[in-house]
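Data block below; observations after.
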Amino acid sequence: MRLDKFLWCVRYFKTRSMAAEAVKKNRVKVNGDVAKSSREVIPSDRITVRKDQIDYQFEVIQIPKSRMAAKLVSLHIIDKTPKEEWDKLEMRKLDQDYYREKGEGRPTKKDRRDLDDFISGEDEEGLE
């Protein structure tokens, strides 16, 4: 099975074209080497995918026939991503300090003014 199709089948990417684009941008390595989308994936291949500033690593156990349910992915690959990479992901989630809950809409005019005051305050401090 082609590499881009495999990454789509095991749900690392939402669409096959997104998988192909990641491979084209050299964000996917097979057995430590940069690979092309057309590369055939075989069992025992070790694949590294750079996605969202995290290097996901996994080993292929078997090749799926087509895209599968998320619960069945563990039958086809073994996740070998180091704990440090998962820690990076957790730190990035904790680093996002939003005062506004997701889905509350656009910032208000007061929010924008506060932000402008904050930014202009930084500029003034830099000039002194």
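The values are calculated or read from the model by the stated rules, or taken from the named source; none is laboratory data. Just so it is clear, the model here is predicted, and its values are computed rather than measured. Please note: Cβ atoms are built from the backbone with ideal geometry, for glycine as well, and neighbour counts cover all protein chains shown.
Observations on the model:
- Hits in the stretch 70-128 - residues which are part of a loop (DSSP other than H, G, I, E, B), acidic (Asp, Glu) and either at pLDDT 85 or above or within 30 Å of the chain's Cα centre (by Cα) (or both): Asp97, Glu101, Glu104
- Taking the criterion of being among the acidic types (Asp, Glu) and surrounded by 11 or more Cβ atoms within 10 Å (Cβ to Cβ), the only residue of the stretch 69-84 that qualifies is Asp79.
- Complete set of residues in the stretch 11-20 that are within 13 Å of the chain's Cα centre (by Cα) and either at pLDDT 95 or above or crowded, with 17+ Cβ neighbours inside 10 Å (or both): Tyr12, Phe13, Ala19
- In the stretch 4-56, residue nearest to Ala69 (Cα to Cα) [restricted to those that are touching a residue at least 40 places away in the same chain (Cβ under 8 Å) and assigned to a helix (DSSP H, G or I)]: Cys9
- Residues being assigned to a strand (DSSP E or B) and surrounded by 15 or more Cβ atoms within 10 Å (Cβ to Cβ) - total across the stretch 57-67: 3
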